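The values are calculated or read from the model by the stated rules, or taken from the named source; none is laboratory data. Note that this is a predicted model, so its numbers are computed, not measured. Heads up, the Cβs are rebuilt from the backbone with ideal geometry, glycines too, and the neighbour counts pull from every protein chain shown.
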Amino acid sequence: MLWYLSYVYYNRTDAKPLLYTPPLPNGASSRPNAYGFGTLVAQDTYLDSLATLPTGTGRVWLVGTVDVPDEFAPLPEGWQRVGETQAGGANARLFVLH
């Protein structure tokens, strides 16, 4: 969440940051509730499935933690990793969607 808030503050592009909220093991949504942090962002900011991003439209940065390299696995078919950078405990991987 802290990465998201920083990006929104400093972003001067048309890119819209999304917060990935994968389903929990029991299939329930992992979106935050309407208390605390959940009140800071609109519902259309959440992305429940990486597969719903349209292919052929550009690039996607997945920002996560260094300690959990597969936190976005499995990635949708056709995603090509073209770059990666790390700083502190953050890991940013760049993908092109085909």
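Yes/no matrix, rows are residues, columns are (1) surrounded by 14 or more Cβ atoms within 10 Å (Cβ to Cβ); (2) modelled with pLDDT of 85 or more; (3) assigned by TED's automatic domain parsing to the domain that holds R93:
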residue	(1), (2), (3)
L5	no, no, no
A15	no, no, no
A28	no, yes, no
G36	no, no, no
G56	no, no, yes
L62	yes, yes, yes
D67	no, yes, yes
E77	no, yes, yes
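Which residue, of G56, G64, is outside any loop (DSSP other than H, G, I, E, B) and not hydrophobic (A, V, I, L, M, F, W, C)? Answer to the selection: G64. Of all residues in the range 17-26, exactly one satisfies the criterion of being surrounded by 10 or more Cβ atoms within 10 Å (Cβ to Cβ) and over 19 Å from A92 (Cα atoms), namely P23.
Tally the residues that are of a type in the set (F, W, Y), part of a helix (DSSP H, G or I) and free of Cβ contacts under 8 Å to residues at least 60 places away in the same chain, restricting the search to the range 1-53.
5
Condition check: touching a strand residue (DSSP E or B) at 6+ places or on another chain (Cβ under 7 Å) and of a type in the set (A, V, I, L, M, F, W, C). Does L75 satisfy that? So L75 fails the test.
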